[in-house]
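Written below as structure tokens is the structure these notes are about.
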Amino acid sequence: MRFETPNSMARWDSPLFTVQSDDVMPCKEICEAIFSNQKPRPNMSTQNPPLMSPNFVHETDKILQVRWLEKKVLALDDELILELSNALVL
């Protein structure tokens, strides 16, 4: 296990309340920090990336039109296989 000392400048350690055994608990300040402060804006480390690109439907439709046209022009009777690996964002 690893222990990192709290840093009041770090986003996840802010606000930081240090209470020693002989100190009075700052209950009012803690309650204000929990209930009154605004939430910090989300950043890259706290947001989930999208599972697919925003223009996934457009890209899929474009690929489908090209494949359908190829099939129609070449008079193919086999299955229409789409390769969507380019359209997905992982």
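Nothing in this text is a laboratory measurement; each read-out follows from the coordinates by a stated rule. Keep in mind the model is a prediction, meaning the values are calculated, not measured. When we count neighbours, we look across all protein chains shown, and the Cβ atoms used for this are built from the backbone with ideal geometry, even at glycine.
Would you mind calculating the gained length between GLN20 and MET1 on full extension (0.36 nm times residue separation, minus the Cα-Cα distance), in nm to one decimal? Write down the numbers at each step before the final one.
Values: separation 19, 0.36 × 19 = 6.84 nm, distance 2.39 nm.
Roughly 4.5 nm would be gained on extension.
Starting from the 7 Å offset along Cα-to-Cβ, what nm value, one decimal, do you get for the label separation of ILE63 and ILE34?
Inter-label distance under the simple model: 4.9 nm.
Mind sorting THR5, THR18 by how few other Cβ atoms lie within 10 Å of their own Cβ, fewest first? Please report the intermediate quantities before stating the final value.
Values: THR5 5, THR18 8.
Final ranking by Cβ density, sparse to dense: THR5, THR18.
Which ordering of PHE35, PHE17 is given by a fewest-first count of other beta-carbon atoms within 10 Å?
Values: PHE35 7, PHE17 13.
The order, fewest Cβ neighbours first, is PHE35, PHE17.
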